[in-house]
Every structure is written in C-alpha cells, then in structure tokens.
1. With +1 on each Lys and Arg Cβ and -1 on each Asp and Glu Cβ, and nothing else charged, work out how big the dipole of the chain is about its Cα centre, in Debye to the nearest 20.
2. With θ set to phi - 60°, apply the Karplus curve 6.51 cos²θ - 1.76 cosθ + 1.60 along the stretch 88-101 and write out the HN-Hα couplings as whole Hz, x wherever there is a Gly or Pro.
3. Semi-axes of the chain's equivalent ellipsoid from the Cα gyration tensor, sqrt of 5 times each eigenvalue, largest first, rounded to whole Å?
4. Considering only protein heavy atoms, what per residue accessible area in square angstrom results for the chain with a 1.4 angstrom probe?
5. Once you've got the GNM for the chain with C-alpha springs shorter than 10 Å, pick whichever of Leu11, Leu81, Leu47 has the biggest mean-square fluctuation.
6. Using 1/(1 + (r/R0)^6) with R0 = 22 angstrom and r between the beta carbons of Arg19 and Lys65, what's the FRET efficiency to the nearest 0.05?
7. Relative contact order for the chain using alpha-carbon pairs under 8 Å, separation at least 6, rounded to a whole percent?
8. Less than 26 Å apart at the alpha-carbon level, and either on another chain or at least 8 residues along: which lysines does that give for Lys43?
Amino acid sequence: QVQLVESGGGLVQPGGSLRLSCAAFGFTFSGYAMSWYRQAPGKERELVATTISTGGSTKYGDSVKGRFTMSRDNAKNMVYLQMNSLKPEDTAVYYCNAKRSTRGYWGQGTQVAVSS
C-alpha cells in the first residue's frame with residue numbers, strides 16, 4: 001500500500017501564500033529523490049521543484065524560482081512546498097513524486113487556484 005498523499009491546496013488571492021504537504025505511506029522515502037510537479041488544464045505536466053534523497057540539493061523550475069521553496073523531513077516521511085507571491089499562472093493541480101532508479105510513485109494531486 002504505497003501512497004503519496006498531498007494536502008494544503010485551495011483558493012488564494014494573487015500575491016498570497018500556500019504551503020503544500022506530501023505524506024508518504026508504505027515506504028521510507030529517505031532513499032528517494034522527491035519532486036513537485038504541476039499540471040494546468042490543457043497543458044502538460046511540468047516540474048516545479050526537485051530534491052535529492054539527502055535534501056542537500058534542490059532545483060526549481062524557472063517560473064517559480066525565488067517564490068517557491070521545497071523542503072523535506074526524511075524522519076517524518078514528509079515533503080513540503082512553500083509557495084509565496086502566487087500568481088494566476090500558478091493555478092494547477094500539484095503532484096508529489098518519489099523516484100529511485102526505475103521505481104517511482106505519484107500522489108493524487110491537490111488543486112491550487114490563484115484568482116482575484
């Protein structure tokens with residue numbers, strides 16, 4: 001019963017903030033690279049942020065650099081995405097992903113809507 005469960009999405013005004021959480025069940029993700037992806041209606045899924053298993057190196061998509069911060073707590077099997085200065089273009093379903101070698105898992109997604 002391997003699962004990734006995202007939470008924290010919702011409706012927010014432009015310029016506002018949200019913090020997304022991803023909880024892992026059925027496996028210990030300390031050995032996995034963790035990522036956040038997002039997909040807007042009619043568009044392909046894109047990488048938002050990714051971090052290696054140790055959390056020592058984090059990379060961000062160009063569109064979110066300087067606004068989003070990803071972090072992970074391996075002891076708690078949790079990963080987070082702090083989103084600040086949100087824009088309407090950030091509206092999407094956000095997905096958590098865990099990957100190690102050829103094995104990968106996806107969460108069900110959490111909806112983020114940025115609108116005035």
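The values are calculated or read from the model by the stated rules, or taken from the named source; none is laboratory data. What you see is a predicted model; the values in this text were computed from it and never measured. Cβ placement follows ideal geometry from the backbone for every residue including glycine, while neighbour counts extend to all protein chains displayed. Heavy atoms of the whole protein, side chains included, go into the accessibility calculation; ligands, DNA and RNA do not. Shrake-Rupley method; radii C 1.70, N 1.55, O 1.52, S 1.80 Å.
1. For this selection, approximately 240 debye.
2. Working through the residues one at a time gives x, 5, 7, 4, 4, 8, 9, 10, 9, 9, 10, 9, 9, 6 Hz.
3. In descending order the semi-axes read 23, 14, 13 Å.
4. Details: 6150 Å² over 116 residues.
I get 53 Å² per residue for this part.
5. It is Leu11.
6. Working: r = 18 Å, r/R0 = 0.81.
In this case the efficiency is close to 0.80.
7. Relative CO of the chain lands at 37 percent.
8. Result set, ordered by chain and number: Lys59, Lys65, Lys87, Lys99.
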